[in-house]
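Take a look at the structure set out below.
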Amino acid sequence: MTLRGKRLLIAKPGLDGHDVGAKVMALALRDAGAEVIYTGLRKSPDYIARVAMQEDVDAIGLSILSGSHMALVEETIKHLRELGIDDKPLFVGGTIPHEDRQALLRSGVRQVFTADMRVADVLATIERELGS
Amino acid sequence: MSKSQANEQPKTTMEDEIPAIPAPRTASGIEIPAIVTADMVRAHDPGLPGEYPFTRGIFADGYRRRLWTFRQYSGFGSAEETNERYRFLLERGQTGLSVALDLPTQCGYDPVDAMARPEVGKVGVSLSNLAEAEILFRGIDLERISTSFTINGTAAIIYAMYLAVADKHGVAREKLTGTIQNDILKEYVARGTWIFPVRPSMRLIADTILFSNQQTPRFNPISIAGAHFRDAGVTAVEEMGYTLANGLAYVDELLKRGGDINQFAKRLSFFFYVHMDFFEEVCKFRAGRRLWARLLKERYGVQDVGALRFRFGVVCGGSSLTAAQPQNNIVRVGVETMAAVLGGAQSIFTCAYDEAFQIPTESSAELALRTQQLIAYESGIAKTVDPLGGSYYVEWLTERMEQEMLAVIKQIEEYGGAIKAIEDGYLQMRTAERARNRKQLSDTGEQVVVGVNYFRNIDEQDQAGEAFRLNPQSVKRVIEKYEELKARRDAAGVKHALARLEEAAASDNENLMPYLIDCCHAYATVGEMVSALKRQWGEFQEPIRL
């Protein structure tokens, strides 16, 4: 339970309605002790960045399965930067082809998670990234 | 890596283990006896196909006169590209079209909207107005080919657009065949393309069904879907239970609107996933078909045999497919297709093996279609009606599943009905819990997924094969065409049609379909029609309950 005391934002940018991964991770993170804020579906990158600031979260997780991850992540990073909170760790989960994973990591995303990973492994990675 | 290491056998397993023999339980958790004997089967005689309660199928002759419809879901990028893919599939023996629409079209945004831009053409074709629909169906005979649209939030609009295309082709409406999914209830739980609040959405759905019964009597104005519940995490039993509960909610809405159940029930159709637990999938269909007929007869007094027939399409694949060792998916889809046929499906969509991680390529899409053709023409399983009928195990499991499905329906009724359960976020919460449970079973290896938690090749690269890439020019072209249309159309005519639509939406009982068709003919866009309706109805506020 090493995520105790951490505040995490799980967000669904864009129009993608697949929220299984987002909800499974929200439940798992909560059980690991974190306080989780879930945005619900269909939020703009701008909105997500503002929530991240207002809620003063420790990290942000974006869930995208519609294939629009490159554009949506880029937009989100832009808004985080505008608000001066682009130092917060940003994670991306979803249907991410192998070649896009590298590009996302280069653009500043800390880790990319896909459905075939074990939840326990994803949690451990997040814990490590948050230095908890 | 040294050469000797590279030559070693790839490591198998979760942690180098062979999994235990699977526990004797179905994927829904039903305990399976080692042997089922005659005395364990209460209904010794499952009756005859084509006769109430249709355990063995809705037609007396099964597939002997007519096979199921081979219906592959496809669509991407622009209408031009998708039209080309449709012709490719039709030339190769596909017998019906299934239109995948992009998310802006599904959620009611025009392609130039800020929310829409990153998603244009991504998971389906962009269809923002009639001019695009004209291109999409160019050279396709709407009198002969049935077309299915996976569309929900904007289903009434896309249906109106299809009727407008048919008008332009000079095809009489009564000849049109096809389906709009038009099942908003499950969207609030699992698929997420809702727009309006639940109640006005139910009204719009009743409008389409009542209108369709009159004007396009061979068209299915709704396909009540369990598939998305299932892919989101629920069990086979819950998939059917939730779907039938939603079906009853639509029946009640239509009755409230003065519909005749003996008429509208004939055109209600259903849609499910087929996953890998073979017998459970077969029995899910047998049990659901029987339960639906019983519910309509016993609760609503339906007499008409046609209105008691439970017609359904399926998709084989979905979340049962894996990105690891993608060719394993070819086998999975083959097994699932056999379950669908033995369960008596009316139409089948087989996922391509690469669908777990990308839009299928032409070759993987062709292989998926060939899978159905092999089973239809080589396997022989469709030669007699319900070949599994009378098997002790199959009849026993059918009965068990029917009882459990009924219990799921009663649970929702005790909560206050499907609509309340969805407005409160109760079904959403249950589904998320199930999703977590399913993930745990696979993470711990309790449920074996070959190539994922056991029998892995450590060195393998996931997602092999040729990647499909969307042409960036086609998105650009979609936007250009949209701007051109707006400049070219009769703006006053559009404004007038939209104003009349909004006025009708403000009234409680006017059927909106004629107004939507007028809007389409005037080349009003999907985004404009949705905005007009939003002004009257507002938007759904998603309940967040975790």
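Things to note:
- Criterion: of a type in the set (Lys, Arg) and surrounded by fewer than 20 Cβ atoms within 10 Å (Cβ to Cβ) - qualifying residue of A:Arg42, A:Arg110: A:Arg110
- Among residues of segment A:25-58 being under 21 Å from A:Asp116 (Cβ atoms) and under 13 Å from the mean Cα position of the chain (by Cα), the one that is nearest to the other protein chains (Cβ to nearest Cβ) is A:Ala26.
- Every residue from segment B:216-229 that is under 24 Å from B:Cys351 (Cβ atoms) and either surrounded by fewer than 24 Cβ atoms within 10 Å (Cβ to Cβ) or more than 11 Å from the chain's Cα centre (by Cα) (or both): B:Asn220
- Considering residues of segment A:92-109 that are more than 12 Å from chain B (Cβ to nearest Cβ) and free of Cβ contacts under 8 Å to residues at least 24 places away in the same chain only, the residue farthest from A:Asp19 (Cα to Cα): A:Arg106
- Within segment B:223-238, tally of residues that are touching a helix residue (DSSP H, G or I) at 6+ places or on another chain (Cβ under 6 Å), under 22 Å from B:Ser98 (Cα atoms) and more than 14 Å from chain A (Cβ to nearest Cβ): 2
- A:Met117 falls short on exactly one of the conditions (1) modelled with pLDDT under 95; (2) of a type outside the set (D, E, K, R); (3) assigned to a helix (DSSP H, G or I), and that condition is (3).
Per-residue answers, yes or no, for (1) assigned to a helix (DSSP H, G or I); (2) touching a residue at least 40 places away in the same chain (Cβ under 8 Å):
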{"position": "B:Thr82", "(1), (2)": "yes, yes"}
{"position": "B:Tyr86", "(1), (2)": "yes, yes"}
{"position": "B:Leu90", "(1), (2)": "yes, yes"}
{"position": "B:Val112", "(1), (2)": "no, yes"}
{"position": "B:Met115", "(1), (2)": "no, no"}
{"position": "B:Lys122", "(1), (2)": "no, yes"}
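- Scope segment B:70-104; condition in contact with a Gly (Cβ under 7 Å, 6 or more places away or on another chain) and within 14 Å of chain A (Cβ to nearest Cβ); matching residues: B:Gly75, B:Phe76, B:Gly77, B:Ala100, B:Leu101, B:Asp102
- So B:Asp207, is it in contact (Cβ under 8 Å) with a residue 24 or more places away in the chain and under 18 Å from the mean Cα position of the chain (by Cα): no
- A count restricted to segment B:410-435 and to residues that are at the interface with chain A (Cβ under 10 Å from one of its Cβ atoms) and crowded, with 20+ Cβ neighbours inside 10 Å stands at 4.
Residue-by-condition table, conditions (1) modelled with pLDDT under 95; (2) out of contact with any helix residue (DSSP H, G or I) (no Cβ under 6 Å at 6 or more places or on another chain):
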{"site": "B:Tyr454", "(1), (2)": "yes, yes"}
{"site": "B:Gln463", "(1), (2)": "yes, no"}
{"site": "B:Ala467", "(1), (2)": "yes, yes"}
{"site": "B:Leu470", "(1), (2)": "yes, yes"}
{"site": "B:Ala504", "(1), (2)": "no, no"}
{"site": "B:Gly527", "(1), (2)": "no, yes"}
{"site": "B:Gln536", "(1), (2)": "no, no"}
{"site": "B:Leu546", "(1), (2)": "yes, no"}
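- Filter pass, A:Thr2 being surrounded by 23 or more Cβ atoms within 10 Å (Cβ to Cβ) and either more than 9 Å from every other protein chain (Cβ to nearest Cβ) or touching a residue at least 40 places away in the same chain (Cβ under 8 Å) (or both): no
- Filter result for the condition that a residue is at pLDDT 95 or above and loosely packed, with under 14 Cβ neighbours inside 10 Å, over B:Ala499, B:Ala522: B:Ala499
- Considering the conditions (1) acidic (Asp, Glu); (2) part of a loop (DSSP other than H, G, I, E, B); (3) buried (at least 18 other Cβ atoms within 10 Å of the Cβ), B:Glu395 is excluded by exactly one of them, (2).
- Members of segment B:352-367 found to be touching a residue at least 60 places away in the same chain (Cβ under 8 Å) and in a loop (DSSP other than H, G, I, E, B), listed by number: B:Asp354, B:Phe357, B:Gln358, B:Ile359, B:Pro360, B:Thr361
- Test: residue in segment B:133-145 that is within 14 Å of another protein chain (Cβ to nearest Cβ) and touching a residue at least 24 places away in the same chain (Cβ under 8 Å): no
- For segment A:110-132, the set of residues classified as more than 10 Å from chain B (Cβ to nearest Cβ) and basic (Lys, Arg) consists of A:Arg110, A:Arg128, listed by residue number.
- For segment A:62-91, the tally of residues that are more than 14 Å from every other protein chain (Cβ to nearest Cβ) and touching a Leu at 6+ places or on another chain (Cβ under 9 Å) stands at 7.
- Within segment B:327-343, the set of residues being surrounded by 22 or more Cβ atoms within 10 Å (Cβ to Cβ) and over 17 Å from B:Ser442 (Cβ atoms) comprises B:Val333, B:Glu336, B:Thr337, B:Ala339, B:Ala340, B:Val341, B:Leu342, B:Gly343.
- Inter-residue pairs, beta-carbon under 9 Å, first of a type in the set (Lys, Arg) and in segment B:526-546, second in a loop (DSSP other than H, G, I, E, B), 6+ apart: B:Lys534/B:Gly108; B:Lys534/B:Ile195; B:Lys534/B:Phe196; B:Arg545/B:Asp424; B:Arg545/B:Gly425
- Among the conditions (1) surrounded by fewer than 24 Cβ atoms within 10 Å (Cβ to Cβ); (2) at pLDDT below 95; (3) within 16 Å of B:Ala418 (Cβ to Cβ), B:Ala190 misses just one, which is (1).
- From the options B:Arg299, B:Arg289, residue that is assigned to a helix (DSSP H, G or I), more than 16 Å from the chain's Cα centre (by Cα), buried (at least 24 other Cβ atoms within 10 Å of the Cβ) and charged (D, E, K, R): B:Arg289
- Exactly one residue among B:Asp207, B:Asp231 is in contact with a strand residue (DSSP E or B) (Cβ under 7 Å, 6 or more places away or on another chain) and not aliphatic (A, V, I, L, M), and that residue is B:Asp231.
Condition check ((1) touching a Gly at 6+ places or on another chain (Cβ under 8 Å); (2) of a type in the set (S, T, N, Q); (3) within 14 Å of chain A (Cβ to nearest Cβ)) across all residues:
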site	(1), (2), (3)
B:Asn246	no, yes, no
B:Ala293	no, no, no
B:Lys297	no, no, no
B:Gly301	no, no, no
B:Thr322	yes, yes, yes
B:Thr337	no, yes, no
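- Checking each residue in segment B:501-513 for being touching a residue at least 24 places away in the same chain (Cβ under 8 Å) and not charged (D, E, K, R) picks out B:Leu501, B:Ala505, B:Ala506, B:Asn509, B:Asn511, B:Leu512, B:Met513.
- When B:Asp167, B:Asp183 are checked against the criterion of being farther than 24 Å from B:Ala265 by Cα and either in contact with a strand residue (DSSP E or B) (Cβ under 7 Å, 6 or more places away or on another chain) or surrounded by fewer than 24 Cβ atoms within 10 Å (Cβ to Cβ) (or both), a single residue qualifies: B:Asp167.
- Some residue of segment A:44-55 being at pLDDT 95 or above and on the phi > 0 side of the Ramachandran plot: no
- On inspection, A:Ile60 does not qualify as surrounded by fewer than 22 Cβ atoms within 10 Å (Cβ to Cβ), aliphatic (A, V, I, L, M) and outside any helix (DSSP H, G or I).
The values are calculated or read from the model by the stated rules, or taken from the named source; none is laboratory data. Because the structure is predicted, anything quoted here is derived from the model rather than measured. Cβ coordinates were reconstructed from backbone atoms using ideal geometry, including for glycine residues, and neighbour counts include every protein chain displayed.
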